[in-house]
Amino acid sequence: MQELREIAPVPAPRCAANSGPFAGQNAAAAAPGHPIALTHRGLHVNRFIIALAAGLGILASAPAQAQTPNTLLNVSYDISRELYAEINVAFAKQWKAKTGQDVTINQSHNGSSRQARSILEGLEADVVTFNQVTDVQVLYDRGKLIPADWAKRLPNNSSPYYSLPAFLVRAGNPKGIKDWDDLVKPGVQVIFPNPKTSGNARYTYLAAYAFAKNKYGADKADDFIKKLFANVPVFDTGGRAATTTFVERGTGDVLITFEAETSSIRDLAGKDAGGKDKYEVVVPPTSVLAEFPVTVVDKYADKHGTKALATAYLEFLYSPEGQDIEAKGYNRVTDKTVMAKYKDKFPEVKLYRVEDEFGGWDKLNAEHLNPGAKLDTLFGGK
């Protein structure tokens with residue numbers, strides 16, 4: 001029987017010498033390999049998550065266990081719980097039919113940069129399914145846990161699906177939020193996570209910056225971002241915590257997160273007494289292409305003897321069945337037949353690319369995301 005477990009990541013201590021967009025993060029200590037209980041900060045469980053999990057028939061249990069050749073640990077980003085719960089069930093069924101082997105898939109979820117730090121500090125992931133290229137690349141740059149050409153091993157730069165930052169507003173859209181410049185108006189409270197710990201939030205930063213640069217000019221983009229940050233009352237560490245702040249605590253006028261999360265919340269919340277959606281999704285005219293790169297973590301998959309299973313698991317994400325599950329969950333996919341099936345789910349939007357707007361990830365890191373770069377300057381001590 002296929003099993004699903006969710007485990008907390010191994011926290012990483014603060015280290016002043018660290019570099020990269022997730023440098024200097026703080027967490028409590030835990031020994032790699034030790035069974036880790038679910039924690040409030042590591043895996044925030046709330047009514048929203050429970051409702052989503054119940055809708056999928058999934059119940060997560062806490063303890064991690066030693067890896068075996070038919071056990072995988074997928075370390076993923078914060079808001080992918082429901083997607084991979086469904087993916088895991090489908091893959092396990094296919095693998096059982098193909099090989100006769102049962103498979104156990106354990107899950108770990110948090111902000112993707114924190115997850116990358118956890119792996120560098122000893123969390124033995126067989127695969128990672130992240131939401132930003134830099135968080136995978138660092139596994140090679142600082143750990144040599146994966147090969148330098150990891151992005152070439154699977155199609156589309158090893159990104160089986162993609163998305164974009166979109167807006168979720170309350171019923172009736174009382175603040176009239178339609179585009180990025182509506183977010184910097186006085187009196188508008190904006191909710192998104194900390195861009196220093198969340199890949200989700202860094203895409204929000206990039207989308208807002210690209211919008212401002214193209215509409216107002218590069219010389220005014222910095223001021224635009226400062227105004228945006230000033231309208232955020234609280235910066236949570238990850239995307240799901242930000243969703244909790246907006247939905248459960250009722251804080252803010254608009255939540256910025258991946259399109260898949262906005263649409264899932266709207267569907268789950270249902271209608272009010274008047275038959276109207278309790279939340280509305282607003283896809284702005286422009287946003288930024290958010291890739292979701294995946295890779296086998298070779299060092300640990302080789303150690304566990306799971307390389308073939310891990311590779312097949314990631315290849316499943318590109319299969320027609322995998323692409324259908326992803327698109328059904330409001331993730332945009334490259335399979336044209338699947339996208340045609342779900343075309344009504346995805347409004348037209350102009351997507352800026354990191355390569356075009358920021359000169360690629362290396363230049364983006366140097367100018368915006370690394371310690372002391374532009375994001376640090378604009379974000380300040382928040």
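The values are calculated or read from the model by the stated rules, or taken from the named source; none is laboratory data. In this text the structure is predicted, and so the values were computed from the model without any measurement. FYI the Cβ positions are ideal-geometry reconstructions off the backbone, even for glycines, and counts take in every protein chain you see.
Among residues belonging to region 252-304 that are over 20 Å from the mean Cα position of the chain (by Cα) and small (Gly, Ala, Ser), point out the one that is nearest to GLY199 (Cα to Cα).
So the residue we want is GLY252.
Right, TYR162: part of a strand (DSSP E or B) and farther than 18 Å from GLU280 by Cα or not?
So TYR162 fits the description; yes.
Can you tell me which residues in region 186-208 are surrounded by fewer than 19 Cβ atoms within 10 Å (Cβ to Cβ) and touching a residue at least 40 places away in the same chain (Cβ under 8 Å)?
VAL188, GLN189
Considering each of LEU228, LEU139, LEU145 in turn, give the residue that is crowded, with 20+ Cβ neighbours inside 10 Å, among the hydrophobic types (A, V, I, L, M, F, W, C) and outside the structural domain of ALA301 (by TED's automatic domain parsing).
Answer to the selection: LEU228.
Could you list all residues from region 322-333 that are within 21 Å of SER287 (Cβ to Cβ), assigned to a helix (DSSP H, G or I) and in contact with a helix residue (DSSP H, G or I) (Cβ under 6 Å, 6 or more places away or on another chain)?
Of everything in region 322-333, just one residue is within 21 Å of SER287 (Cβ to Cβ), assigned to a helix (DSSP H, G or I) and in contact with a helix residue (DSSP H, G or I) (Cβ under 6 Å, 6 or more places away or on another chain), namely ALA327.
Within region 305-321, count every residue that is part of a loop (DSSP other than H, G, I, E, B), buried (at least 16 other Cβ atoms within 10 Å of the Cβ) and more than 22 Å from the chain's Cα centre (by Cα).
Final tally of qualifying residues: 1.
To keep it simple, each residue is scored yes or no on (1) of a type in the set (D, E, K, R); (2) over 14 Å from GLU86 (Cα atoms); (3) in contact with a helix residue (DSSP H, G or I) (Cβ under 7 Å, 6 or more places away or on another chain).
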| position | (1), (2), (3) |
| --- | --- |
| ASP335 | yes, yes, yes |
| MET339 | no, yes, yes |
| PHE346 | no, yes, no |
| GLY360 | no, yes, yes |
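Restricting region 324-366 to residues that are among the acidic types (Asp, Glu) and farther than 15 Å from TYR203 by Cα, which is surrounded by the most Cβ atoms within 10 Å (Cβ to Cβ)?
Among them, the one singled out is GLU326.
Looking for something out of contact with any Asp or Glu (no Cβ under 8 Å at 6 or more places or on another chain), farther than 27 Å from VAL354 by Cβ and outside any loop (DSSP other than H, G, I, E, B) - is there at least one such residue anywhere in region 267-275?
Within region 267-275 (the criterion being out of contact with any Asp or Glu (no Cβ under 8 Å at 6 or more places or on another chain), farther than 27 Å from VAL354 by Cβ and outside any loop (DSSP other than H, G, I, E, B)), the answer is yes, since at least one residue qualifies.
Restricting to region 322-355, name every residue that is assigned by TED's automatic domain parsing to the domain that holds ALA201 and more than 20 Å from ALA166 (Cβ to Cβ).
GLU355
If a residue must be assigned to a loop (DSSP other than H, G, I, E, B) and within 18 Å of VAL294 (Cα to Cα), how many such residues does region 67-100 contain?
4
Of the conditions (1) in contact with a strand residue (DSSP E or B) (Cβ under 8 Å, 6 or more places away or on another chain); (2) in the same structural domain as ASN106 (by TED's automatic domain parsing); (3) not polar (S, T, N, Q), GLU280 satisfies every one except a single condition; which number is it?
Exception for GLU280: condition (2).
Among the residues in region 221-233, are any of a type outside the set (Gly, Ala, Ser), under 20 Å from the mean Cα position of the chain (by Cα), in a loop (DSSP other than H, G, I, E, B) and modelled with pLDDT of 95 or more?
Yes, because at least one residue in region 221-233 is of a type outside the set (Gly, Ala, Ser), under 20 Å from the mean Cα position of the chain (by Cα), in a loop (DSSP other than H, G, I, E, B) and modelled with pLDDT of 95 or more.
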